[in-house]
Each structure stands twice: as C-alpha cells, then as structure tokens.
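Trainee: Following this message is one structure expressed as structure tokens.
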C-alpha cells in the first residue's frame, strides 16, 4: 500500500544520492516489505544506472539492504522475500535493535520503517545511548531515537508512528519531538486515518519524514491530512476510488507550490517557531483550520407551523385508517 508512496522519495529527494555507497535498513523489518519495495523501485526506475555497472550491481546485490528482527520466522520469510525479488545476499539478521547488542551508529543513508506501535521494555535492556536521547520504556519512542543514531549525517528517514507520538504530553514524547525539530531537519508530517492497518491494528498513524543533520535545520514543516489510501478503512480493506497517495507524492516533490496553501486545505506549511510555541506538538489538528459554512434556518414560527400541519395530516390519515379497519 505505501510502497509507491515511499518509493517516490528516492533519488529526486536525495535518498540514494550515491548508489555505490548507500545503505538502506529497516531495524524492525518483519517480512522485509519495505526493503523489497526499495529494491523494486530502484530496479524499475534506475535499472541502467545500477545493473549496467559492475560495482553498483555488486553493491545492490550484496551490500545495500539490511534488516533486523527478533522473530526468527519473520527473518526466514524476510530473507526469502528479498532473494525471490532478485537480491542475492540481503543482510537480514536476528538482532534486538533497541538493546546494547545493536552497536550501529551513523552507518545508514536511508531508513524506511514501520516499528511496533506499542510496547514497553525494561530500561535495563535498552541501549544507554537511546535513553540519553529519550528516557522512556515505550518502544515507539525508542525506535525514533534509534533511527537518529543509526543514520549518517545527511541520511534520511520516512517512518510510520502511532498518532500518540505526535502529540503525547510526557517528557519523553516531547524530548524526541524536540530532537527531531531542533536537533535535525523535520521535513514532513503526514497524518493517516485510523483503519489503514486493519484488520491488524485500528490505531491512527502518521508518517515522519526527516533528515539527520545533528545540528538542526528545521525552518518549517509540511503537513498533509490524508483521508484515503485507495482501500476501505474497515476490516475488509477492499479497493475504493478515493486515494490521496498520488497527490501526496506529487505535492511532496513540488513543495515550492505549497507555500501559498491555506490551513483549511489538505496540505500546508507550519513554521518551526509555531511548533515550538505549541510544545513541539506535531498533530495536524493543532494547526489545521476548519471552514465553517453558515446554515440559514427558517424562523421558529415557520417551523412550528410546519409541525402543526404535519400533525393535522397525520390525524387525517389516522382517521382514514380507522375507517378502513371499521374502528
């Protein structure tokens, strides 16, 4: 569902800025869906650039794709999924990404991930480096801290998080959002409706798109209020006509034309200063304006007269019915 969406952020926006040395990781890879999608996108749109050059093809096949997970069944499926899609030697490994076992730091140029929406860990099992950024037991916050640690400076992330990450009021929630906004460059927040992950989860989610700088760089953030993704939002998830994803991709690649958008529209910019003033709240509802249309109603006397007339009509019809029934 989101593969085309994520694929749209690759070369044009600086993601695989150098195919020869780029590394793409999903630290909670599951069946490797995002990694497969990344590979398929490059294969479709950059075939000659990669596969007609020996060094780049070797890098694509053996050194570009990494994935970690703690479920061995998922790892086997994930590795098989990668290989059946033409990637000879993906690095799919059993690893607790949030623990001291994971020492990766400033190693990757791209992270596409959909980490666990909820969970709580014992602080003793969490890497001390992550707790320095965000002191919490919540996995959804710790994974964000992990992404920032694992990316190279200039590396980028497009990750899905539960809505609570965007507006949670705890110290840890605010700390990780502050790190994204003040310490790096937060580019976009895309709000998704509840239902996009049904039947597995009904929680509302959002996509955070950011670049690791280590020294700030956020001046404004682009928000998009996604209402539909091409499927119904019930457990059946059947195809429907409404789909905002093509519009999101087109607008993201043409942000200069988003400057004049009003906050009553689906997408708009919010300056960093306003986000800071609002406690680093990244919920679109904090900034979106609702346009109210005035509705004119008839005077009370007219409404009462209409009700009286209806009562008379009902009485007449009741009398006819009683007559027919011989009552």
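Laboratory data are not the source of any read-out in this text; all were calculated from the coordinates shown. Predicted model, so just to flag it, every value in this text is computed and none were measured. Cβ: placed from backbone, ideal geometry, glycine included. Neighbour counts: every protein chain shown.
Trainee: Could you list, bin by bin from short to long, the percent of Cα-Cα pairs of the chain in 20 Å steps?
Mentor: Histogramming the chain at 20 Å steps yields 28, 50, 11, 9, 2 percent.
Trainee: Against the longest principal axis of the chain, how steep is helix 171-182, in degrees 0 to 90 to the nearest 10, with axes from Cα atoms?
Mentor: So the inclination is approximately 70 degrees.
Trainee: Using alpha-carbon positions, what is the distance between the centroids of region 27-102 and region 133-165, in Å?
Mentor: Value for the Cα centre distance between the two parts: 20 Å.
Trainee: By counting other Cβ atoms within 10 Å of each Cβ, how are 22, 323 ranked from fewest to most?
Mentor: 323, 22
Trainee: Using a simple spin-label model with points 7 Å from Cα along the Cα→Cβ vector, what separation in nm is obtained for residue 311 and residue 289?
Mentor: Each label point is offset 7 Å from its Cα along the Cβ direction, giving 4.6 nm.
Trainee: Tell me the angle of helix 72-84 to the major Cα principal axis of the chain, expressed in degrees between 0 and 90 and rounded to the nearest ten.
Mentor: Helix 72-84 sits at roughly 80 degrees to that axis.
Trainee: For region 114-217, what relative contact order do you get, as a whole percent, if you take Cα pairs closer than 8 Å and at least 6 residues apart?
Mentor: 29
Trainee: Further question: In percent, what relative contact order does region 55-184 have, based on Cα pairs under 8 Å that are 6 or more apart in sequence?
Mentor: 22
Trainee: For helix 33-45, report the angle its Cα long axis makes with the longest principal axis of the Cα atoms of the chain; keep it between 0 and 90° and round to the nearest 10°.
Mentor: Once rounded, one gets 80 degrees.
Trainee: Right, next: Quote the FRET efficiency, to the nearest 0.05, computed for residue 236 versus residue 278 with a Förster distance R0 of 22 Å and r equal to the Cβ-Cβ distance.
Mentor: Calculated value: 0.05.
Trainee: Starting with the fewest neighbours, write out 245, 50, 295 ranked by other beta-carbon atoms found within 10 Å of each beta-carbon.
Mentor: Listing 245, 50, 295 from fewest to most nearby Cβ atoms yields 295, 245, 50.
Trainee: Can you tell me, using C-alpha contacts under 8 Å and at least 6 residues apart, the relative contact order of the chain as a whole percent?
Mentor: 13
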